[in-house]
1. Picking from Asn314, Pro206, Cys189, whose Cα lies most toward the positive end of the charge dipole for the chain (charges on Cβ: Lys, Arg +1; Asp, Glu -1)?
2. With +1 on the Cβ of every Lys and Arg and -1 on the Cβ of every Asp and Glu, and nothing else charged, how large is the dipole of the chain about its Cα centre, in debye rounded to the nearest 20?
3. Ordered by residue, what ³J(HN,Hα) values in Hz, to whole numbers, does region 206-212 give under the Karplus form 6.51 cos²θ - 1.76 cosθ + 1.60, where θ = phi - 60° and Gly and Pro are x?
4. Which residues' amide hydrogens lie under 5 Å from the amide hydrogen of Val107, considering only partners 5 or more residues apart or on another chain, with H built in the peptide plane?
5. If you stretched the chain out fully between Lys384 and Leu45, how much longer would it get, using 0.36 nm times the residue separation minus the C-alpha to C-alpha distance?
6. Take the Cα atoms of the chain, find their three principal axes, and give me the spread along each one in whole Å, biggest first.
7. So what J values fall out for region 96-103 if you push phi through Karplus, 6.51 cos²θ - 1.76 cosθ + 1.60 with θ = phi - 60°, rounded to Hz, Gly and Pro as x?
8. What is the diffusion coefficient of region 36-230 in µm²/s, taking the Kirkwood radius over Cα pairs and the Stokes-Einstein relation at 20 °C with a viscosity of 1.002 mPa s?
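The values are calculated or read from the model by the stated rules, or taken from the named source; none is laboratory data. None of these values were measured; they are calculated from a predicted model. No Cβ is skipped: glycine too gets one built from the backbone with ideal geometry, and neighbour counts run over all protein chains shown. The accessibility values were calculated without ligands, DNA or RNA, using every heavy atom of the protein model including side chains. Shrake-Rupley method; radii C 1.70, N 1.55, O 1.52, S 1.80 Å.
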Amino acid sequence: MLITNPCVIKFSSALLVTFHVFLSLQLLFFNHALAAELTFNIISLGAKPDGKTDASSVLQMTWAKACDSSTPATIYVPDGIFYVRSVSFNGPCKNNVITVLIDGTLVASSDIQVLAKTKSWIEFSHIDGLSITGGTIDGQGTALWNCKHSGKSCPVGATSLQINDAQNVNINGLSSINSQKFNIVVHGCQNVHMTRVNVSAADDSPNTDGIHVQQSSDVTILNSSISNGDDCISISPGTSNLWMESITCGPGHGISIGSLGIKAEEDGVHNVTLTLSTFTGTQNGVRIKSWGRPSRGFATKVYFQHIIMDNVKNPIIIDQNYCPHETDCPGQASGVKVSEVTYEDIKGTSATEITINFDCSPINHCTGLSMKDINLTYENHIAKASCKNAEGTT
């Protein structure tokens, strides 16, 4: 007869449990070590935080490593000033969790010719799963602005940060200053979340739009502050499901849908919301603008809600005869259809007597405009409204 000792069985079970825990801890430590290895410090890879040595090649090499990794990777930019001539980070990548963590500042060249043939200074394309966190990018645009103000022949200028054909993008705590042209462009993207973005440029800096969204869907912009010489946020054809909340805008040209109608055949803009935001000393508040020419473009299901205006020249405006410098204007009726636009709980002060200006197309009237709880004053008096070809309720 075979007799089994129950004590031996209990001891063996305990030993197995202990061994399993030991292996689990070893695996945990091993995985942690692997994760630590996937943080790429650009100084360790050769970048110098002296503001002079070009870090472009190091950044490109670091991106190649992160993009080629099959597990999540972080590109770390430590404290310091790093000169970057220009960089272009391309996917698709082998993983969908790449983080660019910036504690320092990336600076462009102050020589206006360095980026003269480049549309974008820093560019990300064809990526699924990108996070850009913290730090400052300095476009050093003052020299180009001065050139343009002088009337001389100047380069067009480069966008500081452009995201193309990407999805699942998070930008958190990034500051963009002194961009040559647009600060941040989101083009052809899906599911982009931006929070605590700060944009700063001189109030007379030309074409320095803060955040420009086009051909993109499901974009959220939260808790951001923008001051510049053009639109704080500009929304171009092909934009849908855009949510903007807690935006501080000014100085600048306000938040604009458009310009629309640039092309006869273009995608529309729909489902756009701006809420809980403040405009201070801006040229416009909430604006929809289209060129006066035939077009199949449109803007519909737009909501401007819970907004404070502080000394804003055109707090509420629809301009379907847009022509910024009054030269070479099309001079035709706009084909762009503006409909279902809600203005609700908009209060504050205007810098001009006419605070609501609806200049709509004579062949495509604005329809479904809704005005609720609007309280705007000019020099302590109730302000005036001007409406052409505009239909709706108040």
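1. Farthest towards the positive pole: Cys189.
2. Using Cβ point charges on Lys, Arg, Asp and Glu, the chain gives about 520 debye.
3. Using θ = phi - 60°, the values come out as x, 6, 9, 3, x, 10, 10 Hz.
4. For Val107, whose amide H was placed from the backbone, the distant partners under 5 Å are Phe82, Tyr83, Val84, Asp138.
5. Stretched fully, the Lys384-Leu45 segment lengthens by 115.9 nm.
6. Per principal axis, max minus min of the Cα coordinates gives 103, 57, 42 Å.
7. So the Karplus estimates, Gly and Pro as x, are 10, 9, 10, 10, 9, 9, 10, 9 Hz.
8. On the way: Rh = 16.7 Å.
Approximately 129 µm²/s, per Stokes-Einstein.
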